[in-house]
Amino acid sequence: MIHSETKIVAYYRVSTESQQRSGLGLEAQRTAVADYVARCGAKVEDEITEQESGKVNSEDRKLKHAIALAKAKRAVLCVAKLDRVGRRAADVLKILDDSKIKVVFADSPNASHLENGIRAIIAEEEGKAISARTKAALAAAKARGVKLGNPNGARPLLAYQAQHGNEAGCAGARKHADEFARD
């Protein structure tokens, strides 16, 4: 448990753009962290939010920045739930072991290192189960004749034109080509 003088860096992660747009996943995480911080009387110094799959290596995510910020501020990294750190047990355990900061999970703030290790393995298995369920649901939909994927095929310009009209699509394509040429 942390105490009232403790500084907190809060880290929030959602996996998909639709989760980020809806804000529901982020809202639940913010509520969990805020409730925990209020119970302890601590103070949130900074918040880091990202939209990224938990399967992506933590070295390639904003989580690395959150850890560095917590180190610099001599703060505790507070995360709503362990699976928000990642879905790969090895990555989660590496962060818990190597980050040299205190990491606390709002849903289980008094969990031991052993318990967090077990929960990391369970989070990885749940990630695999989510993937299997999604693949099965897509296969079932395809078997029913549902057309999957981008309705405009793999051509993003056509998708943009369908959404914004041909004139805007052409302007977007020109802008993209100009940026490409500059680079």
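The values are calculated or read from the model by the stated rules, or taken from the named source; none is laboratory data. As the structure is a prediction and not an experimental result, all values here were calculated from the model. Don't worry about glycine lacking a Cβ; one is built from the backbone with ideal geometry, like all the others, and counts go over all protein chains shown. Side chains are part of the model used for accessible areas, which takes the heavy atoms of the whole protein and leaves out ligands, DNA and RNA. Shrake-Rupley method; radii C 1.70, N 1.55, O 1.52, S 1.80 Å.
For the reader, a short list of remarks on this structure follows.
- Restricted to segment 132-166, and to residues there that are within 24 Å of the chain's Cα centre (by Cα) and modelled with pLDDT of 90 or more, the residue that is nearest to Val92 (Cα to Cα) is Ala132.
- Qualifying residues in segment 97-107 (those that are at negative phi and in a loop (DSSP other than H, G, I, E, B)) - the one surrounded by the fewest Cβ atoms within 10 Å (Cβ to Cβ): Lys102
- Contact annotation: residue pairs with Cβ atoms under 7 Å, 6 or more positions apart or on different chains, pairing a residue in segment 94-119 that is in contact (Cβ under 8 Å) with a residue 24 or more places away in the chain with a partner that is open to solvent by less than 80 Å² (accessible area, probe 1.4 Å) and of a type in the set (Ser, Thr, Tyr), are Ile95/Ser58; Ala106/Tyr36; Pro109/Tyr36.
- Lys94 vs. criteria part of a loop (DSSP other than H, G, I, E, B) and open to solvent by 40 Å² or more (accessible area, probe 1.4 Å): no
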